[in-house]
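Participant: Here you go, one structure.
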Amino acid sequence: SMGLSLYGLEGALVDENFFLKRYQQFEDFIDTKLPQHRPEINHVKHQLYQSHFIPEEFAERRSKVFDAIGPDGIGVLQGAPRPESFDPFRQTNEFFYLCGVEVAHAYLQLDSRERKTTLYLPGHDEGHERSEGPVLHSDDPETVLKLTGVDAVKKPEDLEGDLKGVSKLFVTQCPSEG
């Protein structure tokens, strides 16, 4: 094990304000564009995936991150955990800004070496679905790829192996808003 921590990776360069700056740009952006209509997912419940932005919008945002972290950087964002009480789930602002996914315990990897985005989602949980409604999961990658526009979908336990050998890693240092 390489001792992975989402607050830092031994020997890796970390820019603790990088994603906070991107979120502030998002707030400015939101005031200038109207939400996009997505007829292809109108039948999908809001719990599954948002309908305010098209996948290309998220891809454009991620492209700016790729440019900012350089040609050999990897960015990793951790989504919000599942609430321990009866509070409704709310994704972190930074995570939602880059992919629009509202799933607990999700991770997003932005690999600027290939300009590819990988979304790490937990597997299907029938018990959770019965009580909370459907959510995106790694056991249905075709739906996730179609709705989100990311390049790959994996399980969270694959993230550590995917980061082996990485020398330039960008992660959030401060607690996420959300």
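Participant: Please specify each residue of the range 100-114 satisfying the condition of being over 19 Å from Pro88 (Cα atoms) and hydrophobic (A, V, I, L, M, F, W, C).
Facilitator: Correct list: Leu108, Leu110.
Participant: Sort out which residues of the range 90-114 are open to solvent by 70 Å² or more (accessible area, probe 1.4 Å) and closer than 24 Å to Glu132 by Cα, and write them in order of number.
Facilitator: Arg90, His105
Participant: Moving on to the next point. How about the range 92-114: which of its residues are touching a residue at least 12 places away in the same chain (Cβ under 8 Å), of a type outside the set (S, T, N, Q) and not in a helix (DSSP H, G or I)?
Facilitator: Gly100, Val101, Glu102, Val103, Ala104, His105, Ala106, Tyr107, Leu108, Leu110, Asp111, Arg113
Participant: Go through the residues of the range 115-134 one by one and say whether even a single one is within 21 Å of Glu60 (Cβ to Cβ), touching a residue at least 60 places away in the same chain (Cβ under 8 Å) and part of a loop (DSSP other than H, G, I, E, B).
Facilitator: There is no residue in the range 115-134 that is within 21 Å of Glu60 (Cβ to Cβ), touching a residue at least 60 places away in the same chain (Cβ under 8 Å) and part of a loop (DSSP other than H, G, I, E, B).
The values are calculated or read from the model by the stated rules, or taken from the named source; none is laboratory data. Keep in mind that what you see is a predicted model, and the values were worked out from it rather than measured. Ideal geometry is used to build each Cβ from the backbone, glycine not excepted, and the neighbour counts take in all protein chains shown. Areas reflect the complete protein model, heavy atoms only, side chains present, ligands, DNA and RNA absent. Shrake-Rupley method; radii C 1.70, N 1.55, O 1.52, S 1.80 Å.
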